1. Please work out the Cα center distance from region 204-266 to region 26-70, rounded to the nearest Å.
2. Could you tell me, in Å, what Rg and Dmax come out for the Cα atoms of region 107-217?
3. Take every Cα-Cα pair in region 174-271 and report what % of them are more than 22 Å apart.
4. For the chain, go through all pairs of different Cα atoms, get the mean of 1/r, take its inverse, and jot down that Kirkwood value in Å.
5. What is the Cα convex hull volume of region 21-95 when expressed per residue in Å³?
6. With Rg and the Kirkwood Rh both taken from Cα atoms, where does Rg over Rh land for region 70-118?
7. For the chain, what is the accessible area per residue in Å² when the probe is 1.4 Å?
8. How many percent of DSSP beta bridges within the chain run antiparallel, rounded to 5?
Amino acid sequence: MLHAAIAIEDKIVPKECEMCKDGKKIDFEIAMAFQPIVNLRTFDYYGYEALVRGSKGESAGEVFKHVNDENRYHFDQSCRTKAIETATSLNLEHFLSINFMPNAVYEPARCIQSTLKVAKKYAFPLDKIVFEFTETEEILDKSHLVGIVEDYQKRGFMTAIDDFGAGYSGIGLLCDVSVDIVKLDRELIKNINSDPRRQRIMRSIYDLLEPLVKRIVIEGVETEDELACLYRMGYRYFQGYLFAKPGFETLPKVDFAKLRNLLGEKRYYKK
């Protein structure tokens, strides 16, 4: 499989492998939308997640119709590049979350080179990049995923499990993969303010994750009552339509003054 090798940071890595060399380039254009992740400890932005879109704003679902085994590698690489390029043009100063596809990474040290190159080109700090992999993508080789995460963390990147609670591996994945951030799927918190069963589950998840990871992010928050219930449990990092919908090639703003007033209301602290 290996044609040659080059030394990168004192490590021998493949110069080119068959999958990268022979994989098809994508024959469609992509763009990025951005959705804020808020920090309600400080009532400020934590970061923005880059979400792939078509060049005219078509949904991610429409874009993924064109992704297959032959172009998966180049699609994954193109998304990383486009996310950093666009974030830089928008003067993003917070964390940038980029989704990546573990099954498209054949050799971590080699496949990360284009990301390092574009980050250097735009002077985007590596420690401001979070690589998210979704739990809804079936991991074909867990040891390979562990290797990717460890390689990225050594280079200064943050790593995250996305859509946790809605995918293949669940708690078992946390036993093997040591990530910095866990993002909890909306299915866990939908209408949680009126669902005692979900409340018990989310309290237990908080107690489990809080000592294990640097950040727990709740995704898909849509109502004030959902937010208040989760805030009362101790959760402080959130993402969802309540704060802002994804903005096509823009960084949507959040009304933090409104959130301060909302969470300060006594009615949200009744047991």
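1. After rounding, the separation between the Cα centres reads 19 Å.
2. Considering region 107-217 through its Cα atoms, Rg and Dmax are 15.8, 50 Å.
3. On the way: 1544 of 4753 pairs.
When every Cα pair of region 174-271 is considered, 32 percent fall beyond 22 Å.
4. Final number for the Kirkwood radius of the chain is 19.6 Å.
5. On the way: hull volume 8.0 nm³, N = 75.
Measuring per residue, one finds 106 Å³ for the Cα hull of region 21-95.
6. Values: Rg = 11.3 Å, Rh = 11.5 Å.
With Rh from the inverse mean 1/r over Cα pairs, Rg/Rh is 0.99.
7. Working: 13580 Å² over 271 residues.
Ligands and nucleic acids excluded, the result is 50 Å² per residue.
8. Values: 18 of 40 bridges.
Taking every DSSP beta bridge with both residues in the chain, the antiparallel ones total about 45 percent.
The values are calculated or read from the model by the stated rules, or taken from the named source; none is laboratory data. Because the structure is a prediction, the values reported are computed rather than measured. Backbone-built Cβ (ideal geometry, glycine too); neighbour counts: all protein chains shown. These area figures cover heavy atoms from the full protein model, side chains too; ligands, DNA and RNA do not enter into them. Shrake-Rupley method; radii C 1.70, N 1.55, O 1.52, S 1.80 Å.
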